[in-house]
Amino acid sequence: MVLTIIAVVIVFFLLIFPHELGHFFFAKIWNIRVDKFSLGMGPKLFGFKKGETEYVISYLPVGGYVKIAGMQPGEESIERGFQKQSWGKRASVLLAGSMMNYLAAIILFSSIFMIGFWTFQIDKAIIGEVKEGSPAALANLMPGDKILKINEENVKKWEDIALIMGKNQEKDSLTLEIQREKEVITISLKPVFDPESNRKIIGIIPLKVFKRYNPLTALIEGTKESFMITQLIFVSLGGMITRKVPAEFSGPVGIVKFVGESAHLGLVPLLSLTAFLSINLSLFNLFPIPALDGGRLFLLLIEKIRGKALALEKEAVINYIGFMVIIFLFFLITYQDIARIISG
């Protein structure tokens, strides 16, 4: 329980703080007045004022927030306020939160590649584990055996095994040519149907290897991993919209559950989950929903088209409606999270 609480605090901090730091950083770059920057949420614990900005540490150690002048009704005329800035500067301040979330994800994934992790060696067809009682075990296949051929088809990597097995699902037996040390052996076996994977299997698992990269390679791999996750998220969203996959979302309760499970698995799974959540937050916050940065950006786009800014009073009403919708979705998703936990 203690480990879960610590992990949740760290994860929420790594999700919220970079986001607010992005807004703060770009506001300072454009010399926009920032009234407060808080490390943590809730009541003020202690702080100090430097120039016009109050820097605060708050009681709740989850993320933080930034108060930029000129974003509330009645603040339109504040000198160096948000509303006094050019369209491009305002857009960059709003975008900066999501940009920082995405950068945080890249850094987290890169850290994983530098720390190192165990993974399956799928670029080679070497057996790492033979499941007890499986067709492979009954045929005396052993860890370290290298599969050269299946039914006379050449095998070079683990993907080839899956493809060939897929093509031979109707066959009752398979003939494998394997290399064991310096000897080449031919083995026949009968695959069995596995209800979990809904296909015939022989009961082998790839070899596990430990991988670690230098900082530059880790950064490249971390960036590639972030882009791949982004692509998967869009594919999943497309599937939900077209109803090809069920619409499943998790709120804070579900996230706490996942964080707790990841924390008990180790540092790398926890960092990986945090990076994944950071990308999700980055993209979700850009949706054109009022009260989110994406909603504010959408209003900026309307301003650009019509050549006139919407009054802050009207913008506040729109954001309030959006906020209420988000609160409703929050309770709905929380209810679903709790129902899943109870039923699971």
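The values are calculated or read from the model by the stated rules, or taken from the named source; none is laboratory data. Just so it is clear, the structure is predicted and the values come from calculations on it, not from any experiment. Note that we place each Cβ from the backbone using ideal geometry, even for glycine, and neighbour counts take in every protein chain shown. Accessible surface is based on the protein model in full, side chains and every heavy atom, while ligands, DNA and RNA are left aside. Shrake-Rupley method; radii C 1.70, N 1.55, O 1.52, S 1.80 Å.
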Note on the stretch 138-194: residues in a loop (DSSP other than H, G, I, E, B), open to solvent by less than 70 Å² (accessible area, probe 1.4 Å) and of a type outside the set (A, V, I, L, M, F, W, C) are Gly144, Asp145, Asn151, Asn168, Gln169, Ser173, Pro191
For Ile127, the lone unmet condition from (1) farther than 30 Å from Leu267 by Cα; (2) modelled with pLDDT of 90 or more; (3) of a type in the set (A, V, I, L, M) is (1)
Scanning the stretch 1-15 for residues that are open to solvent by 60 Å² or more (accessible area, probe 1.4 Å) and touching a Gly at 6+ places or on another chain (Cβ under 8 Å), the one nearest to Val259 (Cα to Cα) turns out to be Leu3
Selection from the stretch 291-301 of residues surrounded by fewer than 19 Cβ atoms within 10 Å (Cβ to Cβ) and in a loop (DSSP other than H, G, I, E, B) yields Ala291
If you go through Gly97, Gly128, Gly64, Gly88, the only one that is under 30 Å from Ile161 (Cα atoms) and either within 30 Å of the chain's Cα centre (by Cα) or part of a helix (DSSP H, G or I) (or both) is Gly128
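Each row is one residue, and each column tells you yes or no for (1) in contact (Cβ under 8 Å) with a residue 24 or more places away in the chain; (2) of a type in the set (Asp, Glu); (3) surrounded by 13 or more Cβ atoms within 10 Å (Cβ to Cβ).
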position	(1), (2), (3)
Phe17	yes, no, yes
Trp30	yes, no, yes
Leu39	yes, no, yes
Gly64	yes, no, yes
Ile78	yes, no, yes
Lys84	no, no, yes
Trp87	yes, no, no
Val93	yes, no, yes
Residue pairs within 8 Å by beta carbon, gap of at least six or interchain, first lying in the stretch 215-243 and over 10 Å from Phe109 (Cβ atoms) and touching a residue at least 24 places away in the same chain (Cβ under 8 Å), second assigned to a helix (DSSP H, G or I) and aromatic (Phe, Trp, Tyr), listed first then second, are Thr217/Phe113
Of (1) under 30 Å from the mean Cα position of the chain (by Cα); (2) part of a helix (DSSP H, G or I), Gln83 satisfies every one except (1)
Residue hits (the stretch 31-49; touching a Pro at 6+ places or on another chain (Cβ under 9 Å) and of a type in the set (A, V, I, L, M)) are Leu39, Met41
Going through the stretch 236-265 in order, the residues found to be at pLDDT below 75, outside any loop (DSSP other than H, G, I, E, B) and among the charged types (D, E, K, R) are Lys257
Reported set for the stretch 113-149 where residues are touching an Asp or Glu at 6+ places or on another chain (Cβ under 8 Å), of a type in the set (Val, Ile, Thr) and under 30 Å from Ser278 (Cα atoms) is Ile122
Taking first residues from the stretch 313-326 that are within 16 Å of Gly74 (Cα to Cα) and second residues anywhere that are part of a helix (DSSP H, G or I), the pairs with Cβ under 7 Å that are 6 or more apart or on different chains are Glu315/Leu299; Asn319/Gly295
Pairing a residue in the stretch 278-290 that is open to solvent by 70 Å² or more (accessible area, probe 1.4 Å) with any residue that is assigned to a helix (DSSP H, G or I) and not basic (Lys, Arg), where Cβ atoms lie under 6 Å and the two sit 6 or more apart in sequence or on different chains, gives Phe287/Gly294; Pro288/Gly294; Pro288/Gly295; Pro288/Phe298
If you go through Thr223, Thr274, the only one that is modelled with pLDDT of 80 or more, open to solvent by less than 30 Å² (accessible area, probe 1.4 Å) and on the phi < 0 side of the Ramachandran plot is Thr274
Filtering the stretch 226-242 for residues that are polar (S, T, N, Q) and surrounded by 13 or more Cβ atoms within 10 Å (Cβ to Cβ) leaves a count of 3
